[in-house]
Structure formats: structure tokens, C-alpha cells
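Just so it is clear, none of the values below were taken in a lab; they were calculated from the coordinates. Note that the coordinates shown come from a computational prediction; the quantities given were computed from them, not determined experimentally. Because the Cβ atoms are built from the backbone with ideal geometry, glycine has one as well, and the counts that use them run over all protein chains shown.
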Amino acid sequence: MTYRIATVGGDGIGPEVVDEGCKVLDRLEELEGFGTERVDFDLGGRRYLATGEALDDGTLEELRGFDAIYLGAVGTPDVPPGVLERGMLLKLRFAFDQYVNLRPVKLYPGVTSPIAGLTPERCDFVVIRENTESVYAGAGGALYPGTSSEVATQESVNTYHGVERALRYAFELAERRDGRLTLVHKTNVLTYAGSLWMRTFEALGEAEFPEVTRDYVHVDAACLYFVTQPERFDVVVTENLFGDIITDLGAAVQGGLGLAASGNLDPSRRAPSMFEPVHGSAPDIAGSGTADPVAAVLCLGQMLTFLGEEAAAARVDRAVGALLDERAGRVPDGVGYSTADVGDRLVELVADA
């Protein structure tokens, strides 16, 4: 099987970590017998500064023909906030209907969590974030901007269609995992959106997924439990804004953004899904050879799982675990490893995994 992969290094350390991920991918192709056809796309802050456009419609349609997008990072201090986020990242999510954001929260052996005494056995869950609605839909506006009378509104849009399909994906994932699903919202205050989520959650669970154990937690309580009782969760499902916030808390619990991978998924596969580490472009260390590519390689594992290459994905997970265990006790984390060193070592480890 050959897959068409669009690679987007982007800005800052993005190209560096994607290059290391592609080295690992090359080795996995040899080991597992699949192939990829990769095309690199020049997108991000540099492209925007040169052309004045974050993502043109022609490039968007070209990307539509790929099986997956492997993204490094976008963002540069020279581009105002919101330009690339809305003009590129959200444009891709909306155009390709990537309605599921999947963020694992997994503590690997050898990684020190800021939570004292936390062990890998207590921290291995995944957050499903609805990815195309809520306040990110762009509804709202401003009156009298820049004056003392300014009024700004930002509306949260929640549809039954969007809620039901995100919940369905989460229930199906829970069936394949430990059989536990937790809805996170704020139903006691956000009574309209919260009611839609809760009613759909209960109805879908009772009618189609009776063997999945259902739980509900307010989002503020979820923040507490992520830290004090991460073992309470196996699959978490939530709306877009809450998911954006709590997944970064999850990243902190598992050892930092340098270990945080994410997938923006179109489960229907009518359009490509996009896989990106969430650590950002880190322009202050770009070109220094010190960026850690582990999160980008974990994204590679997510991409391979989504494409159906489960054996290759399992090799990635075991190799990353072995690498992190090897470098346990080094202070600061990763001393003695350049970006290329980490990629080279992972190439070796996936062969042994």
C-alpha cells in the first residue's frame, strides 16, 4: 500500500522535527512493507510574509488529494496573532471537515511528571475535542472598535450534527479501549449548549453503546482531576474551547508540550487528516539543532494508526518509550542529544521494537 503524504515543515523548528519524523518513516517503510509518496508544501509565516496569503484556494484543493498532512509548526513573530491560526490551520480544519481533534495524554516510563508520584499506570487516556464548532466557528463581531463604547461578541455555535458525530467517534474509541467515556462540559452554567451535549451523550450511549460506562465532569472539576486523579479517565470528550484548554493541561501532566501529539481527523476519510505536534514553532531555538522531535514522531505514530498501519504505529510507540527510558535521569531532559541524534536513535529503535 502506498499513501500520499503532504509534508508541511512550516516555521521555526517545524522543518527540523518533520525531517526527523520522515527519517523514521523511511525506516518503517522498509520494515513493514508499505510506501509513501511525499510532497512538501511551503506554508506558514514565511510564505505569508512573501505572498500576503496564508493558504490560497489552489493549494487547498491540491492538498485535498492527499491521504494525510504531516505538519511541523507554523508561526513567526513577524506575523500578527490570528493570521495563520484562522487563515491556515482553521481553514484546513473547516475545509477538510476535520471534526475530531485527538490528543493522547500518556506518561511514558522514564518521564518525570510535575505531579509528584505519578506513574505511567495512572496516566494513559485520550481527549476527543470537537474541532469545527463552538467559539472557533467565527460567529460574532465588534461594534465601535477602538473606542470607549466598543462591544465585542464571540458566539459559541453547537449543532446536533456536530455534537453527535464527535460523541459517536468518542464512544467507538471507548469501545476499543477500556470501555469508559467521560463527557466534560459546564452544563450548570452553559445550559443551552450543555443540555444539547448531555442529552445527546445519554441518548447515544443508551441506544447504541450500552456497554460503555458513561461519566460526566464539569470542566473546572476535570482540571482538578487531570492533576489529582488522571486514572479516572480513559476517553474524554468535550467541546472545542474546553478541549483546547484542558489538553494543554494534560500535556503538562504527561511531561510537557515536547511530548504532546495531536491529530485533526476526518473519520469519513473524504479529505486528508492532519497530524501536528502542539509545541509551536519555537523561533528562539530554530536552527540550533536542539529541538526535540519526539512529539513530531509521536504524531507520525498517530498518522500511521489512522492510515491502518498498526504494526508500524506500535513500533513508534515502543521506540519512543525506549528512547525516553534511555535518557531518564539526564538533567535537563535531553542533554547529549541533538535533534538529528534523536531522529537517528529512533530509526535504530523502531527496528528493534
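Springs between Cα atoms under 10 Å define the GNM used for the chain, and in it the highest mean-square fluctuation of Phe34, Phe275, Phe66 occurs at Phe34.
Here the dipole of the chain is about 580 debye; that uses its Cα centre as origin and unit charges on the Cβ of Lys and Arg (positive) and Asp and Glu (negative). Run the Debye formula on the Cα coordinates of the range 113-211, all scatterers equal and no solvent, and tell me log10 I(q)/I(0) at q = 0.19 1/Å. Normalising to I(0) and taking log10 leaves -0.98. Span-like helix criteria (full DSSP H runs; alpha carbon extent of at least 15 Å along the helix axis; mean Kyte-Doolittle hydropathy of at least -0.5) are satisfied in the chain by 14-32, 191-208, 240-253, 294-307, 310-326, 339-352. Couplings for the range 43-58, taken from phi via the Karplus curve 6.51 cos²θ - 1.76 cosθ + 1.60 with θ = phi - 60°, read 9, x, x, 4, 5, 4, 5, 7, 10, x, 9, 6, 7, 7, 5, x Hz in order; Gly and Pro are left as x. In summary, the convex hull built on the alpha carbon positions of the chain has an orientation-averaged projected area of 18.9 nm².
Stretched out fully, how many nm does the piece from Val135 to Ala50 gain, at 0.36 nm a residue minus the Cα gap?
Numbers: separation 85, 0.36 × 85 = 30.60 nm, distance 3.01 nm.
That pair, Val135 and Ala50, stretches by 27.6 nm at full extension.
As a calculated quantity, the FRET efficiency between Ala152 and Tyr192 at R0 = 22 Å, using C-beta atoms, amounts to about 0.60. Of Gly243, Gly87, Gly255, the residue with the greatest mean-square motion in the GNM of the chain, using alpha carbon springs below 10 Å, is Gly87.
Stick to Cα atoms and the Kirkwood definition of Rh, then tell me Rg/Rh for the range 265-322.
1.06
Within the chain, which is the longest segment that contains none of the trypsin sites (Lys or Arg not before Pro) sitting in a DSSP loop with at most 12 other Cβ atoms within 10 Å? Counting only loop sites that pass the neighbour cut-off, the longest clear stretch is 1-268. Counting only DSSP beta bridges with both residues in the chain, the antiparallel share comes to about 40 percent.
Dividing the Cα radius of gyration by the Kirkwood radius, what Rg/Rh value follows for the range 1-114?
Numbers: Rg = 15.9 Å, Rh = 15.8 Å.
So for the range 1-114, dividing Rg by the Kirkwood Rh gives 1.01.
With the chain treated as a Gaussian network of Cα nodes joined by springs under 10 Å, which of Glu30, Glu310, Glu53 yields the largest mean-square fluctuation? Looking only at Glu30, Glu310, Glu53, the largest GNM fluctuation is found for Glu30.
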